[in-house]
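Take a look at the structure set out below.
Read the figures in this text as sums done on the coordinates, not as results from a lab. The shown structure was predicted, so the numbers you read here are calculated from the model rather than taken from an experiment. Note: ideal-geometry Cβ built from the backbone for every residue, glycine included; neighbour counts use all protein chains shown.
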Amino acid sequence: MFLPLVLIFSSSPFSLGQAPLPLAVNTWPFKSASAAAWSVLRSGGSVLDAVEKGCSRCEQEQCDGSVGFGGSPDESGETTLDAMIMNGNTMEVGAVADLRRIKNAIGVARAVMERTEHTMLVGESASVFAENMGFVAEDLTTNTSLNIFSQWLKGNCQPNYRKNVSPDSSKSCGPYRPEAGLTQKRARPVNIHSHDTIGLIALDGNGHVAAGTSTNGLNHKVPGRVGDSPIIGAGAYADSSAGAAAATGDGDIMMRFLPSYLAVELMRAGADPSAACKSAISRIKRHYSDFFGAIICANITGHYGAACNKAPSLAEFHYMVSNPQSDTPTLKSVDCF
Ligand code: ASP
């Protein structure tokens, strides 16, 4: 049934007036990433530089072990990276997925945007491109990721993302073959301990918006798995005529709903950032009531918000905000619903 937009949003608070700009908002309590983005913005730097600097700070510091090298080893023990950056003025995007041996995934994403006519490069070829562009190739494995991997092997490869295979992936390691029939239902092993992407939104005083993400995905993923973070409209979206959003959580589920795109479109139609974030989460919740995930949103007047789905390991979601009001990164939180 067609509902006029005015009805759909009639319960949403509208943003009134201009909030202080510039503004940087990022997922999770990644304070130094926020500080890196803020120092670019407060000195008059570009929103793209702010997004890149913030995300790359997390890559260097291995935020929560789930951004950058040495985290989330896949089934073969390798760390691979996903990242994207979007320019909300030009709608240009650069993204990399399943990137190997290069630490600075957000830098490579930006190089895809600025040094090719493409939008996304993946896997081995993305790494070759990165090397050609001057990025250093190095092993992303650390003692920590080796240890996570060997514990996983010792524990019969649990948790595990395979299903409908033989031997039974809930009890045994592979190699796996397809099982006759598609009967297995697996509980998804995604929780607060298995991941945390940095998603970062930046707005300057001239109405320019950008967004980006960087992550090493999920622990024990099947090699080749790409999450939501580098997918445009899923991991992040930016449009300087509406706003920006960035998501974190169970990317295999969340990318099916393009929550960042949805949130930006809702803000374009007049929804307050908190209401837009909530609607994007609600859309996923209708199908996957206990999915693990959160989203941050900001509109072009400098108002921002966040929302998260209440899950066994997520009651409250923390995120960082920097703007001239505090002139220092401030921790914010929202109760999940
Ligand atoms: N969304 C990321 C992924 O699924 C993980 C995360 O945000 O924590 O790859």
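Before moving on, here are some points about what is shown:
- Here the Karplus curve 6.51 cos²θ - 1.76 cosθ + 1.60, taken at θ = phi - 60°, turns the phi angles of the stretch 34-49 into couplings of 4, 5, 5, 5, 5, 5, 5, 5, 5, 9, x, x, 7, 5, 5, 4 Hz, with x standing for Gly and Pro.
- Lacking any other cysteine beta-carbon closer than 4.7 Å, the following Cys residues of the chain have no compatible partner: CYS55.
- Contact order normalised by residue count of the chain, Cα under 8 Å, 6+ apart, percent: 22 percent
- DSSP assigns beta bridges within the stretch 21-138; of those with both partners inside it, close to 70 percent run antiparallel.
- Lysine pairs in the chain with Cα atoms under 13 Å, if 8 or more residues apart or on separate chains: 8
- Ascending count of other beta-carbon atoms within 10 Å, so fewest first, for GLU92, GLU59, GLU138: GLU138, GLU92, GLU59
- DSSP-loop trypsin sites (Lys or Arg not before Pro) across the stretch 105-176, with at most 10 other Cβ within 10 angstrom: LYS171
- When the square roots of the Cα gyration tensor eigenvalues are ordered a ≥ b ≥ c, the ratio a/c for the stretch 209-337 is under 1.5, which makes its shape rounded.
- Amide hydrogen proximity for LYS221: with H placed 1.01 Å from N in the peptide plane, the residues at 5 or more positions away or on another chain lying under 5 Å are GLU75.
- Per-residue HN-Hα couplings for the stretch 153-160 [Karplus 6.51, -1.76, 1.60; θ = phi - 60°; Hz; x = Gly/Pro]: 4, 4, x, 6, 6, 10, x, 8
- Fewest-first sequence of TRP152, TRP38, TRP28 by Cβ atoms within 10 Å of each Cβ: TRP152, TRP28, TRP38
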